[in-house]
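Notes for the one structure printed next.
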Amino acid sequence: MAKRLIVIGGVAAGTSAASRARRVDPSLEIVLFEKGEYISYGACDEPYLMGGVIDKPERLLVRSPEEFRKKQNIDICLRHEVVRIIPEEKTVLVKNLNTAQTERFSYDALIIATGAKPRPLDVPGADARNFFQLKFYEQALSLYRFLNERNPKRAVSYGAGFIALEMAEAFHLRGIENTIINRSNRVGGRLEPEIEKEVKAILEEKGVRCQPETTIKEFVKDSSGMITRVVTDRGDFETDMVLCSIGVVPEVELAKSAGVKLGRTGAIAVNERMETSIPGIYAAGDCCETYNRVSGEPTYTPLGDIANKQGWVAGENAAGGNIIYPGALGSWSFKCFEMEVGATGLLASDAKRLGYDVFTNVIEHRSRTHAQPGSKKIIVKLVADKKTHKLLGAQLAGREGAALRINAVAVALYNQMTVDELANVDFAYAPPFSPVIDPILIAARDAVKSI
Ligand code: FAD
């Protein structure tokens, strides 16, 4: 009898795992259970759907269940929630959400790819019809419909992470006045202060109102159940809708109740083969921890590319292969209006905490040669170790060519290069793409001189 692989969760990690497993073992029976109505979609594009850059929601759907069935012989069961894992019996209990019936399935290998869920907000009024969180495709659909049908004029966002910033641009494109209320005075998440300053500047320039160090106490609803006023510890804000963007938490209850060990971040602990503490059970994506190659520590880094890569490794190994996930660098990027931000490696504050003798420098240069019309300012911040000159991290911000440039630094970081070595790398040059010496090389040269 064919061996059976069961995958729980059908977005980035789950579908990547199932696809990889199929490649490795064509004879494997693969069943994927997804409790939602959709699989294989690009959540990262949701803000661009809201802003009208992407013209219809269906464009976010990458592959249909039928395609998985026909092309890869992967059985996709939508609206099927795995309610229990019984490792001793190698079985799962699955509830069909259409019929409410529960069935038992045995497995030879199991991959948990249950992802993350929006961090809940315990504030009166958060059950309103115009209170939104943006994570699952279903949530994106309901926000999209509301924006089109209700045509709101004002939106309050709670939280100032990169998704709130991407949505600030989307609101702007729709002519919606946006106020970002935030408990801290930081925007954009894990940014160096010099990079964050650029992001704050563009928000101000575009008329996005930021209300830092403010906590929401209540959402006041009208008789139709819609929020009309947001009550905070620093006054009230009239609004037509609320977007709550206060982060995500790993979806680990199912794993935890089966006895799967969680790491200190609260996500599922995995080894480099993406194996959990229970033999035969793997985990991948936003539900599990990510090993950070630079710090050597497990981190919680819920990002789409990482989920995909971890899914690939889990799928390969669950199907009988033997590969490792080498860890992440903490590379990420986002765009807020014209401002591009790219980051990789450690923040200076992380490096200090880890005991490095930290060197940092910040340089300002241009995206292209001075003669090129429209070339833009680029800020580069490098973090390095004073003793070894080893590169530890970098962040870039600019209105052109900043986000993708970070990948060159990521390659250097992956290979544990020093700033001296980075300064000598032969970057390509042509005026439409960069100045004669690229801003990254300028920053590395500056570091070599001043370290
Ligand atoms: P998820 O996408 O959370 O999927 C998990 C699935 O498991 C869900 O569909 C859930 O219904 C299902 N599930 C859970 N429990 C069960 C159960 N018991 N039974 C059956 N099914 C279950 N990342 C980037 O790298 N770059 C970006 O620019 C970026 N932008 C983003 C923008 C937005 C608006 C959002 C929301 C996310 C963004 N991300 C980005 C993050 C990225 O989308 C996630 O890291 C990625 O979706 C994680 O995939 P996953 O498969 O691990 O988990």
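Over the range 338-450, what portion of Cα pair distances is larger than 23 Å, expressed as a whole percent? For the range 338-450, the fraction of Cα-Cα distances above 23 Å is 23 percent. Here Glu421, Glu198, Glu213 are placed in order of increasing Cβ neighbour count within 10 Å, fewest first, which gives Glu213, Glu421, Glu198. In the range 1-111, taking the dipole from charged Cβ atoms about the Cα centre, the farthest positive-side position among Ser19, Asn98, His80 is held by Ser19.
Under the convention that each Lys and Arg Cβ holds +1 and each Asp and Glu Cβ holds -1, the size of the dipole of the chain around its Cα centre is about 100 debye. Calculate the length of the line joining the C-alpha centroid of the range 316-336 to that of the range 434-451, in whole Å. Cα centroid to Cα centroid, the span is 30 Å. When the Cα positions of Ala258, Ala408, Val208 are compared along the charge dipole of the chain, Ala408 comes out farthest toward the positive end, with charges on each C-beta of Lys, Arg, Asp and Glu.
Over the residues of the chain, the helix contribution to mean residue ellipticity at 222 nm works out to -7500 deg cm²/dmol, using -39500 (n - 2.57) for each DSSP H run of at least 4.
Ordering of 180-191, 423-434 by packing is 180-191, 423-434, highest average first (other Cβ atoms within 10 Å, averaged per residue).
Looking only at the chain, where both bridge partners belong to it, what percent of the DSSP beta bridges are antiparallel (to the nearest 5)? Please list the in-between numbers first.
Details: 56 of 89 bridges.
Percentage antiparallel, nearest 5: 65.
Neighbour counts of other C-beta atoms within 10 Å: give me Glu66, Glu297 arranged from fewest to most. Intermediate results must be reported in sequence, preceding the final value.
Working: Glu66 9, Glu297 16.
Listed from fewest to most nearby Cβ atoms, that is Glu66, Glu297.
When you restrict to C-alpha pairs under 8 Å that are six or more residues apart and normalise by the size of the range 22-158, the relative contact order lands at 22 percent.
Find how many whole Å separate the alpha carbon centroid of the range 355-425 from the alpha carbon centroid of the range 117-161. Centre-to-centre distance over Cα atoms comes out at 37 Å.
Counted over the range 120-246, the DSSP beta bridges are approximately 40% antiparallel. Each Lys and Arg Cβ is given +1 and each Asp and Glu Cβ -1; about its Cα centre, the range 338-450 then shows a dipole of about 220 debye. Projecting the Cα atoms of Pro298, Ala283, His370 onto the charge dipole of the range 233-377 (Cβ charges, centred on the Cα centre) puts His370 farthest toward the positive pole. Determine the shape class of the chain: with a ≥ b ≥ c the square roots of the Cα gyration tensor eigenvalues, call it rounded for a/c under 1.5, and otherwise prolate if a/b is greater than b/c, oblate otherwise. Verdict is oblate for the chain. Counting other Cβ atoms within 10 Å as a rough exposure proxy, the listed residues Lys386, Lys135, Lys200 run Lys386, Lys135, Lys200 from fewest neighbours to most. About its Cα centre, the range 120-246 has a charge dipole of approximately 200 debye under the convention of +1 per Lys or Arg Cβ and -1 per Asp or Glu Cβ, with nothing else charged.
Every number here is computed from the coordinates shown, using simple stated rules; none is lab data. Just so we're clear, the structure is a prediction, and the values are computed from it rather than from any experiment. Here the Cβ is made from the backbone with ideal geometry for all residues, glycine too, and neighbour counts use every protein chain on show.
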